[in-house]
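Single-structure report; data block below.
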């Protein structure tokens, strides 16, 4: 039985990982729900985000400014991908969508490898996040605490966009019935572009914010993508609340299990998914909707 | 010039040919009923006008301008509004959100209060999720979404289907009021009595062809004809 | 000659395998590279049965490759088992067993879900290998020192060493694997898997156990991957941990798409391209890091434009050229039928047909009541689509269900064969409970349905469409006859011939279903239901979309069918119904309005009112 400080610190790690997975997965899930496209380039876009901040920090010393630049870059990447490739795949079978996004993922990762090499790069922790913070009996790295707060803030922001703006209204309606949205006079395809771009910015932001905590390499996104698949299977395909709750559950399971035996941590997550598939195949928040 | 002209359209649904050289016209301020058995092509006609199904040939004109082949979102922008048979309420959105999304792109959207005057029931339920509404409430909301857009032509597909008689009566009252205000509508309905109570003109459809055109009085004067395209043989 | 042509692909593959080391060597293919290509090609054979044939896109094949590899390598290196052959066999079986477990979870879901689940399980296997079982697998170090196989015993034993001997071993195994895979594709199981890819729902409705067949394909793919994994260790005398990685699964998918899915050798060709690019582009200065980028771009272009892949495009071009004349004739005939709205069926309508179905109907209890609905209800949320409907269908009769739109007819009809599960109440077929058993079990008990919207296997010929149906009757819900040809069951072929002549589609037997005229498609739709030799045949709007002449012909056809089985029919053409049906059940707003003989129903005032909506009762507008 691990000590309480170890458990508590793992719980915080779980929260940090969980919020991150929630952000990655919510990008994946709104694209899937609205456009019906399972984005297999999501992991690669996570890496693109991390490299964006790595490069931006060469030109500016301000972490915040670098993030903003990164967002603009990710927005551009999202818009270009949707305009040039994705939009021609809305009417094609699921498997073609999966294959083409997987291909995009390969190209993005290889572009990163060609430009920056295959070795891991380091992104420094921002000046305001140095050191550790004392939380009662626990000493915890400051940046990770801030990370939890920042990502939580971003998720609330995404929630507000989805639930408090007209655009969010269109997105949520589009997840249910894109045809009817069109009949009500709204250009669904334009909404699709926005949703894709938002999803890309969300996963890019996750990559940027997490870059100082993990090694930045071209293949860094693959495992996150696999985990975010598990998250949206847990939460229910296309469900935003499902992605948040699923992400937090996944993060805590990985981290708390590793407090007991680290070799079980990832395996536990997949075992949970298998269990849920038997007990509640539509996921925690799943409906009989589009999926 | 008629407000809406459907000119010899042919529409296919999957691999089956549903509409054959079908022509109808609708004047400003008129309520037109499309009657016929199931599978006669009534719903397909409405879906063709809305642009949900593109006709393979023929023309559809609004104010004399061709709209055939345009996407539904553009046709909706020109003031045509389909209220589909399955109602297609957004179940995860509240009543008010359903109305707001409908009003989003309408240039002369009604204020919510005006909708609530027509359908006080919707005001009571404005915070409820669409999926929790009863069948009658869903139909009110579906019609309300067309009204809030101040649509020039409302296409009502089976508005009374599966509703209790009392609710049908209320909805018929609303439809009559709208007709009296001069709102142009096309209504497809199995409940012939209800449809004829507010229609000015009737088209009878059979197997994708127009087999009858006239007024409700013509139809009443000729019950054999009605039976031909409506149903029960006796 | 015909036989020789049938085995042409096998000969071609054999020849290619023999000459490849000599011919391809100058092009930059070392013998070891070819052996590696064959290793990928071997996984690909199984993967193509799963993806190309059955349409199940798995992103987790690395798991089975890895299990086969590591089980084999561990058994050998730990000294548990001395014989490489035995270790390979156990490794392959282990992979198959793991495939059975993963597949059991995965085949419950379709499409996007299936792909995500296989990818997730692939990752799980990676973490099990890399952290949980490092004591056995060596974790990131892998297992070194895997021995090579030995042929023969004692002094005469030959070690299959690296280089050409290893190539020969791989080539022999690949060839045997290819021959077996070809037989699986041509077996009844293969035919059913192809049908599942085109229209899963219809295959289930015909009585096949769809999840079990999908699981079969999944296990076959796992076995091929496991065997290839086991061979990999011996080939490079080292079992690398990255066999389990997600990139391995991805590489397999890309190779299959590049080479051409559904061709069996597509993955092999794709692997040739991939490995050749990797080995040769790396030699060009400046290209060392770009080879995979080039491949990725080529892959995207292929998915956008040439979706069939290299072998698929060649095969398509070849078959186009060979069958062009036939195809044109088929299409011309379709146009003629549609243009003149005349059809062979019109001519045949007059004569009474002697229906004989070679496949026996399922045994049922003797009884006067064929089908019994007992207070059936189905609610959707608050909506009561069907609300407590009971009626009986007498054996050997034509029974109609009518009602205005929204009366609940289609929901009721779907409950009769358990396509939709009743909220309460149940359906009995000759006293046996149907409800809750599932649609494919219902079909096996002897109830078949033709659908309102055609559900044909559009890319398959008319004969093959009917075969899928007839196989369900002759083979039951599941049989794993993987190695016999699909067209080798005499009763099934006799059944198809008999149905073809009944449908007047004898001359169209080899025509793909999508080429048929609309009326022909409607007949095939009914014919498929009939080919399962049902006791009770449900017809959902059989006359929809037909011309008056076609309607008359179809009505005559339905009367003929009614002499061999009980018919229940939903139809809007009331004139036709009153001419056909002996008994009629009328639904209105989800409830039973009337139930009786055609005359009783015709005279029923409530029915008249329901249909005409009280035309005379309305107030003036």
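A simple spin-label model places the labels of residue A:156 and residue C:560 7.4 nm from each other, with each point 7 Å out along Cα-to-Cβ. In this simple spin-label model, placing a label point 7 Å from the Cα along the Cα-to-Cβ direction at both residue C:501 and residue C:369 gives a separation of 3.9 nm. Between the C-alpha center of the stretch B:6-76 and that of the stretch A:52-102 there is a gap of 41 Å. On the basis of the beta-carbon distance and an R0 of 56 Å, residue C:179 and residue A:163 show a calculated FRET efficiency of 0.40. Kirkwood-type hydrodynamic radius, chain B: 18.0 Å, calculated from all non-identical alpha-carbon pairs. Peptide C:120-129 has a mean of 6 when you count, residue by residue, the C-beta atoms of other protein chains within 10 Å of its C-beta.
Rg and Dmax, both from the Cα atoms of the stretch C:2-245 and both in Å, are 18.7, 60. Seen from all directions on average, the stretch B:66-185 presents a Cα convex hull projection of 7.3 nm². Were the residues from residue C:7 through residue C:423 laid out at 0.36 nm apart, the gain over their Cα-Cα distance would be 144.4 nm.
Calculate, for residue A:58 and residue A:142, the FRET efficiency according to 1/(1 + (r/R0)^6) with r their C-beta to C-beta distance and R0 22 Å; round to the nearest 0.05. If you can, show how the numbers build up before the last one.
Working: r = 24 Å, r/R0 = 1.09.
Efficiency for this residue pair is about 0.40.
Peptide B:88-97 has a mean shielding of 4, counted as Cβ atoms of other protein chains within 10 Å of each residue's Cβ. Seen from every direction in turn and averaged, the convex hull around the alpha carbons of the stretch A:170-276 projects onto 8.2 nm².
Once the Cβ-Cβ distance of residue C:591 and residue A:275 is raised to the sixth power relative to R0 = 35 Å, the FRET efficiency obtained is 0.25. Taking only the C-alpha atoms of the stretch A:27-90, Rg followed by Dmax gives 13.5, 41 Å. Residues of the stretch C:561-597 with amide nitrogen under 12 Å from the 7 Å Cα-to-Cβ point of residue C:361? Answer for this model: C:561-568.
Descending by average beta-carbon neighbour count within 10 Å, the peptides C:296-307, C:320-331, B:24-35 line up as B:24-35, C:296-307, C:320-331, the highest first. The calculated P(r) of the stretch C:369-612, using every Cα pair and 10 Å bins from 0, goes 7, 31, 35, 20, 6, 1, 0 in percent. Across every pair of non-identical alpha carbons in chain A, the mean reciprocal distance, once inverted, gives a Kirkwood radius of 19.4 Å. Pairwise Cα distances in the stretch C:142-195 exceed 16 Å for 62 percent of all pairs. Using only the alpha-carbon atoms, how far is helix C:8-24 inclined from the longest principal axis of chain C? Give it as 0 to 90 degrees, nearest 10. Roughly 20 degrees, rounded to the nearest 10.
Calculated from the alpha-carbon coordinates, chain C shows an Rg and a Dmax of 29.1, 108 Å respectively. Divide the volume of the convex hull around the Cα atoms of the stretch A:111-215 by the residue count and you get 151 Å³ per residue. Relative to the longest principal axis of the Cα atoms of chain A, helix A:142-164 runs at roughly 20 degrees. The Rg/Rh ratio of the stretch C:208-331, with both radii computed over alpha carbons and Rh defined as the Kirkwood radius, is 1.07. Shown here is the pair-distance distribution of the protein assembly as shown: with all Cα-Cα distances grouped in 10 Å bins from zero up to the longest one, the shares run 2, 9, 16, 20, 20, 16, 10, 5, 2, 0, 0 percent.
Relative to the present Cα-Cα distance, how much length would full extension add between residue C:297 and residue C:318 at 0.36 nm per residue of separation?
Length gained between residue C:297 and residue C:318: 4.9 nm.
Label-to-label distance, residue A:75 versus residue B:16, with points set 7 angstrom from Cα along the beta-carbon direction: 5.0 nm.
No value in this document is a laboratory result; all are computed from the given coordinates. Remember, it's a predicted structure, so these values are computed and weren't measured experimentally. Glycine gets a Cβ as well: all are built from the backbone with ideal geometry, and neighbour counts include every protein chain shown.
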